[in-house]
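Read through the structure below, which is laid out as structure tokens, and then see the notes.
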Amino acid sequence: MAIITGSLLTNLFVTFNAAFKKGFGNAKPMWDKIAMRVASGSRSNTYGWLGNWPGFREWVGDRVVKDMKTHEYSITNKHWESTVSVNRDDIKDDEIGVYSPMFEEMGRASNVFPDELIFNLLAGGFSTLCYDGQNFFDTDHPVYPEVDGTGTAVTVSNTQAGTEPAWYLLDTSRSLKPLIFQEREKPVFTRRDKDTDEPSFTRNMAEYGVDCRSNVGFGLWQLAFGSKAALTAANFNAAYASMQSVKADGGRPMGVNPTVLVVPPSLRDKAFEIVKAERNAAGATNINRNAVEVLVTPYL
């Protein structure tokens, strides 16, 4: 039986931390395929610049400075944690090997945790407001004739109604992405295992955990289309065309070109049939083949 000493606990933490890092490094998160990472230096970030560049004009005479409409869209960071306990008797009995897979899984879960946040946010886009005051997926996003948000707005839709499982078409080709992952503090692995710590004294347990600070929010709705209609070639083509026709405030085409089709596992076969098959159901050449990447996620 081992005697629990300070050096033993330190070595044990090094072992668990190595397992955590191994799991973290082996994970393959998908959130960064559809969201941009923004480093946060405070409790919250305000994205007043969400809107669009006014475009170019021939430089004749002085520059023409155009004010852009600003938006009070803020994302407040949240503090997240995950904590597990190890029985100190197992430490005494050298049974610590059975815990290494648990800490490796903790590392994996820490790296893919933004997947849960980002894809849950995407799924909630039908009922969650974005920077223009409308739901992210909505039928009446206002688009103004002037870049400063003046004039009589026309309304633009980036959604299809229906009762089927939702699917999403996104343009992720730009530095600005449809979604934002805001990170204040990266995941940190910590411990509370000393003899004088409360878990040891009260419950004969050592505690290990990870915490981080971050949150997610919406970027440009113009780069996303959410549909609850059946995933068919016709509906895919309608969504694709709708995105390509989007204009910014001021009337300039935004040049949106969808790159990713995001679906839940239940729509995987239909998604691959539409954009990966060589021929469509009628046997003709599939004009949508490889038009976009298919991203299947269990978090939808």
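Distant-in-sequence amide contacts of residue 40, defined by a placed amide H-H separation under 5 Å and a gap of 5 or more residues or a different chain, comprise 183, 184.
Here residue 270 is the anchor, and the aspartates and glutamates within straight C-alpha reach of less than 15 Å, apart from those fewer than 8 places off in the same chain, are 164, 278, 293. Of all aspartates and glutamates in the structure, the ones whose alpha carbon falls short of 16 Å from that of residue 21, not counting any fewer than 8 places away in one chain, are 104, 105, 211. Checking [x] 39; [y] 54; [z] 48 against the coordinates, the calculated percent of Cα pairs over 27 Å apart falls under label [y]. Relative to a virtual label point 7 Å from the Cα of residue 36 in the Cα→beta-carbon direction, which members of region 204-223 show backbone nitrogen distances below 16 Å? Residues 216-223 fall inside that zone. Helical content alone sets the calculated 222 nm signal of the chain at -8000 deg cm²/dmol, taking -39,500 (n - 2.57) per DSSP H segment of four or more residues and averaging over every residue.
Relative to the longest principal axis of the Cα atoms of the chain, the long axis of helix 6-26 makes an angle of roughly 30 degrees. Could you pull out every one of the lysines with an alpha carbon less than 26 Å from that of residue 22, ignoring same-chain neighbours closer than 8 positions? Result set, ordered by chain and number: 33, 78, 92, 186, 194.
Please determine, in degrees from 0 to 90 and to the nearest 10, the orientation of helix 100-123 with respect to the longest principal axis defined by the Cα atoms of the chain, where the helix direction is its Cα long axis. Once rounded, the angle reads 20 degrees. By the gyration tensor of its Cα atoms, with a ≥ b ≥ c the square roots of the eigenvalues, what is the shape of region 195-288: rounded for a/c under 1.5, prolate for a/b over b/c, or oblate? Taking the square roots of the gyration eigenvalues as a ≥ b ≥ c, region 195-288 is oblate.
Sorting the segments 126-136, 174-184 by their mean number of nearby beta carbons within 10 angstrom, highest to lowest, gives 174-184, 126-136. Net charge dipole, region 151-300: roughly 440 debye, given to the nearest 20, about the Cα centre with Cβ charges of +1 for Lys and Arg and -1 for Asp and Glu. Under the convention that each Lys and Arg Cβ holds +1 and each Asp and Glu Cβ holds -1, the size of the dipole of the chain around its Cα centre is about 720 debye. Farthest towards the positive end of the charge dipole of the chain, among the residues 287, 173, 59, is the Cα of 59, using unit charges on the Cβ of Lys, Arg, Asp and Glu.
Readers should treat all values here as calculations from the given coordinates under stated rules, not as data from a laboratory. This structure is a prediction, so every number in the text was calculated from the model and none was measured. As a convention, Cβ positions derive from the backbone with ideal geometry for all residues, glycine included, and neighbour counts pool all protein chains shown.
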